[in-house]
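Please read the structure below before turning to the comments.
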Amino acid sequence: MPTNKKKTQVTASPERRRELLATAAEVFAAQGYNATTVRRIADEAGLLAGSLYYHFDSKESMLDEILSTFLNELWEGYDAVLAAGLGPRETIEALVTESFREIDRHRAAVAIYQKESRHLAALPRFGYLTESQQTFEKAWLGTLERGVAAGAFRTDLDIRLTYRFVRDTVWVAASWYRPGGGHSPEEIARQYLSMVLDGIAVRE
């Protein structure tokens, strides 16, 4: 089994590498990381099991690249929103919309993250998952607190409970969302935001 990661990486074109990672992500999401074998990923990709090692040195490397790519993209979007100087409600709206865009781009990676991040974070290679989660929580709680202070959100809100509700309501969509469906990520975000921010009861 090759162990030189730099040597194996140059054998795959960027397009082929993305294809293999997309295949691996779908298998990890469906079967779970521990239950997935390199042979299963290779079968799904139409390769011999040994051939996959010409592109990646381990299934752990594949998972690392899948998750880090997703989180790097997520934070590029989030950082742009947080730096835009929007009001608290507009920031929440933009963060939710960006979250659905990431589910559209990385649905399988989101599903993996939800299922696997807690135990993966205990491994040295995936320590960045804990840091990302803490930064994510800080951004959302800070925005909600700013909204309460500004009078944009109700003063009786339990900020942490609200954060958990919005977080879970949005990201669980990865379990059913399929790219190319009847609604765009932006349309789904608008519907979610309407329910979360305005409720579903008719106003009198």
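The values are calculated or read from the model by the stated rules, or taken from the named source; none is laboratory data. Since the structure is predicted, the reported quantities are computational estimates derived from the model, not experimental observations. Note: ideal-geometry Cβ built from the backbone for every residue, glycine included; neighbour counts use all protein chains shown. Protein only, heavy atoms only, side chains kept; ligands, DNA and RNA dropped before computing areas. Shrake-Rupley method; radii C 1.70, N 1.55, O 1.52, S 1.80 Å.
Here are some notes:
- Checking each residue in the range 167-182 for being of a type outside the set (D, E, K, R) and assigned to a helix (DSSP H, G or I) picks out Thr169, Val170, Trp171, Val172, Ala173, Ala174, Ser175.
- Residue tally, condition open to solvent by less than 70 Å² (accessible area, probe 1.4 Å) and either more than 28 Å from His106 (Cα to Cα) or free of Cβ contacts under 8 Å to residues at least 40 places away in the same chain (or both), over the range 144-175: 11
- Among the residues here, Ala45 qualifies as at pLDDT below 95 and among the hydrophobic types (A, V, I, L, M, F, W, C).
- Looking across Ala122, Ala80, one residue alone is of a type in the set (A, V, I, L, M, F, W, C), free of Cβ contacts under 8 Å to residues at least 24 places away in the same chain, surrounded by fewer than 20 Cβ atoms within 10 Å (Cβ to Cβ) and over 20 Å from Tyr33 (Cβ atoms). It is Ala80.
- Which numbered condition Arg178 misses (of (1) within 16 Å of the chain's Cα centre (by Cα); (2) loosely packed, with under 11 Cβ neighbours inside 10 Å; (3) of a type outside the set (S, T, N, Q); (4) over 29 Å from Leu21 (Cα atoms)): (4)
- Checked against the criterion of being over 10 Å from the mean Cα position of the chain (by Cα) and of a type outside the set (Phe, Trp, Tyr), the range 103-114 contains not a single residue that satisfies it.
- Index of the failed condition, Leu74 passing every other in (1) of a type in the set (A, V, I, L, M); (2) open to solvent by 10 Å² or more (accessible area, probe 1.4 Å); (3) over 27 Å from Thr37 (Cα atoms); (4) without any contact (Cβ under 8 Å) to a residue 60 or more places away in the chain: (2)
- Those residues of the range 13-32 which are in contact (Cβ under 8 Å) with a residue 12 or more places away in the chain and out of contact with any helix residue (DSSP H, G or I) (no Cβ under 7 Å at 6 or more places or on another chain), in sequence order: Arg16, Arg17, Glu19, Ala22
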